[in-house]
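Below: the structure, in structure tokens.
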Amino acid sequence: MAHLKYRPEVDGLRALAVIPVVLFHISPDWLSGGYLGVDVFFVISGFLITSLIIKDFDTGRFSMRNFWMRRVRRIVPALVVLLLTLLVAAPFLLYGPDVYELGGQALSTLFAYSNIYFWQQSGNYWGTNAEMSPLLNMWSLAVEEQFYLFYPLLLVFTLKHLHRFVTPLIALATIISLCVFIYGSIHHPNPTFYFLPTRAWELGAGCLLAVLMQRRDGFSGVNLSVQNLLSVLGLIMVVASYFLVGLGSEESVGLVAVLAVAGAVFTIGFSAQSGNVAARLLSLAPVVYIGKISYSLYLWHWPVLVYMRGMYASELGEHEGLLNLIAVGVFMTASVLSYHFVEQPFRRNKAIVWRLIPAYLIALSVSIAWIKIPFYEDVSDYKPTLWWGYNYQWGPQRVSELDERVKRSIKVLTLPKIDENEHSRDETGMGNFNADDPDVEVYVMGDSHGVMHAKVLDESLSELGSTYKIAVSTGADPIFSIPVTLDKGGSMFTPSQLFEFNSKKLAYIEEYKPDVVIVVMRWDFRMNREYIFKNLDDLTALLASQDSKLLLIGQPPVLAFGQRSAPQYSAYIDAHSDVGSTAQFPITKIEEYNAADDFLKDYSARHDNCEYLSVEEIFRNGGEAILVQNGEVLYVDDDHLSYAGSLLAKPHIKAKIAEMLSTPLPQPTEDENTGS
């Protein structure tokens, strides 16, 4: 197989791609657009792969087998070493249930579909679940591997049978992919971020550049001064893109990616001549060395950060700088060792590639084992964590139908049963809304946060002597359109089932005109959804027209450990379990939380028939919230309170309802006095 002339400035550009990615992953505040370094990597990959294939094809030396074996030697050795290290260390260092998650991530990495896996599991690349995934960065490697599988076949076929159309066909495919990317970035951002068809334009830009430089003598006809200018301009475009993200609208992010890709094309295309200014800058020895270890650095930096943040999560607020510094030292050392003792030997010696097979099979076996073996943290030091929610959960889905992640979280919870509540369901699980006394004073609607507080609301309303109805369900937005429209379903409903559920709730409110309607929901992530404000206005107006009042109950702070089991995570970080002690944990989404709280305070102040009850002060202390108190875990996951947590809010909830109903407040119960 022929070798391309080595261009140190391309390695330098790799450094300019990987360093921003690392900085972004350490803290997005350091470089908001640093993740665009991956886009630059794609351009480099497309350029180098196409250059190699064309050079070998033109000299009659191209072999698909040799091409793929070369890719295997380049990618797999360092990857397998990383995976084996993470998999073996996981039971000793990771939060128990995350070992199961790691097994699935490793399996998707070994079979080159991790981009699809993370789209399905985490959805949003910037979501908390994604941030806790040690192998999240492998999504881009999967995109490249999928590209290496299909593109060479298509390119070689085109070179053999349609050689006159190589350039226009690559250009056409690149343009189509770019158009789909721009559309998808606005309308379907999550799959657009992860999928090869919407990333192919970035690889295609490098491919097109390679064809022009290999088949059409590049840009040799362009004046050297102009080449100098354009290559420097390319560098400026790449660097500028890293800083422009966040300055415009979300829709403009796709255009910033175009800037980064165009800058990479300019830099590679116009820096090939000797004496080029951009080439000299990128060819500085330290920069080139970072470029050479960039693959190992990309592999190692994110898993080390995730492991470190998981192990010392409760100390991130106070010692984040020190922990980041230690993490940098660890992943830089690992990257250097990986480059010199794994990457280089396998790239130089074709014979030892077969040694990969046993290591690959071991990694595969351990990945499967971690998926099959249940890993749980010991929560016996805490009092039982009660969750009454499934007694009040409306909708057709049952616990047996929940996904594996939720089942594993439920396993450590205590799920009491209320037989007398069963009459509120019909055979479909949708609920008999017209059962019992229609003279209802209070009507409760809610999503999973309504499910969370349902037991306490049930107790409070009963103790107040009120007649009431509770209609809450996970994934069912309680602030629906009026009149009800057929919309997408929720986690418990198909679209038609959700339409039926909302229609029944609206019909009940209009027919029986309860004195108070209570809405309990998670507010923070809904503040960027315009329909919420209109729907809330319509509900408030409807209730005002029938002399009904509206009570909006706020959400507890969101803990910064993702969708994990709070009791198990408390045990993992050894949160205080003694009676009389309190353990706090850092919170996340503070800006969104504050925005929702401010909006609800302002909204209730502007509407005479609306009240807002904030629970923030009960749980929050600055940048932290109470996780464990007197041996009881107050949450079941990152944003849902346990029964013990909900009980802390009960006196406030009951007092507010009594005030709105003009009902005398009875003496506090023993549980309310003790907070347990």
Inter-part distance where the range 327-354 and the range 548-576 are each reduced to a Cα centre, Å: 42
Can you list the residues, at least 5 places off or on another chain, whose amide H is less than 5 Å from the amide H of Leu627, using H built in the peptide plane? Ala583, Gln584, Phe585
In a shell of Cβ-Cβ distance under 11 Å around Pro8, excluding Pro8 itself, what net charge do Lys and Arg (+1) and Asp and Glu (-1) give? +3
Would you work out if the range 439-490 is rounded, prolate or oblate? Take a ≥ b ≥ c from the square roots of the eigenvalues of the alpha-carbon gyration tensor; rounded if a/c is under 1.5, else prolate when a/b is larger than b/c, oblate otherwise. oblate
Kindly state, to the nearest 0.05, the FRET efficiency for Ile373 paired with Phe150, given R0 = 25 Å and r defined as their beta-carbon distance. 0.10
Leaving out ligands and nucleic acids, and using a 1.4 Å probe, what accessible area per residue does the chain come to in Å²? 43
Rounded to the nearest 500, the 222 nm mean residue ellipticity computed for the chain from DSSP H runs (n ≥ 4, each -39500 (n - 2.57)) alone is -19000 deg cm²/dmol
Magnitude of the Cβ-charge dipole of the chain, K/R +1 and D/E -1, about the Cα centre, nearest 20 debye? 5120
Measure off 7 Å from each Cα along the Cα-to-Cβ vector at Ala655 and Ala240, then give the distance between these two points in nanometres to one decimal. 5.8
Using +1 at the Cβ of each Lys and Arg and -1 at the Cβ of each Asp and Glu in the chain, identify which of Ile186, Thr267, Met64 lies farthest towards the dipole's positive end. Met64
Out-of-range pairs (alpha-carbon distance over 32 Å; input Lys534/Lys654; Lys589/Lys656; Lys5/Lys350; Lys411/Lys656): Lys411/Lys656
Karplus (6.51, -1.76, 1.60) ³J(HN,Hα), θ = phi - 60°, over the range 107-119, in Hz, Gly and Pro reported as x: 4, 5, 5, 5, 9, 6, 10, 5, 5, 5, 4, 6, 4
Using a cut-off of under 20 Å, list every residue of the range 620-639 whose amide N is near the label point 7 Å from the Cα of Ser380 along the Cα-to-beta-carbon line. 631-633
Which of rounded, prolate or oblate describes the range 1-113 when judged by the alpha-carbon gyration tensor and an a/c cut-off of 1.5? oblate
Zone of Ala541 (label point 7 Å along Cα→Cβ, backbone N under 15 Å): which residues in the range 455-491? 480-484
Using alpha-carbon positions, what is the distance between the centroids of the range 461-494 and the range 181-239, in Å? 49
Pairs from Lys455/Lys549; Lys469/Lys601; Lys55/Lys292; Lys504/Lys549 whose Cα-Cα separation, in the structure shown, is over 24 Å: Lys469/Lys601
Amide H partners (placed H, <5 Å) of Phe480, local residues excluded: none
Indicate the gyration tensor shape class of the range 138-208 (rounded, prolate or oblate), computed on the Cα atoms with a ≥ b ≥ c the square roots of the eigenvalues: a/c under 1.5 is rounded; otherwise a/b larger than b/c is prolate and the rest oblate. oblate
Collect residues whose amide H, placed 1.01 Å from N in the peptide plane, falls under 5 Å from the amide H of Val558; neighbours closer than 5 in sequence don't count. Thr588
For Thr582, what accessible area in Å² do you get when you roll a 1.4 Å probe over the heavy atoms of the protein chains, rounding to the nearest 10? 70
Calculated FRET value between Ser481 and Lys601, using beta carbons and R₀ = 25 Å, to 0.05: 0.55
Integer Hz, Karplus 6.51/-1.76/1.60 couplings in order for the range 24-29, x for Gly and Pro: 4, 6, 5, 6, x, 5
Within the accessible area of the chain, what % is carbon and sulfur when the probe is 1.4 Å and the other protein chains stay in place? 59
If you place +1 on the Cβ of every Lys and Arg, -1 on the Cβ of every Asp and Glu, and leave all else neutral, what size is the dipole of the range 1-68 about its Cα centre, to the nearest 20 Debye? 340
What FRET efficiency comes out for the pair Lys5/Arg280, r = Cβ-Cβ distance, R0 = 30 Å, nearest 0.05? 0.95
Per-residue accessible area, 1.4 Å probe, largest first, puts Arg65, Arg14 in the order Arg65, Arg14
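The values are calculated or read from the model by the stated rules, or taken from the named source; none is laboratory data. None of the values given here were measured: they were computed from a predicted structure. No Cβ is skipped: glycine too gets one built from the backbone with ideal geometry, and neighbour counts run over all protein chains shown. Remember, those area values only see protein heavy atoms, side chains included, never the ligands or the DNA or RNA. Shrake-Rupley method; radii C 1.70, N 1.55, O 1.52, S 1.80 Å.
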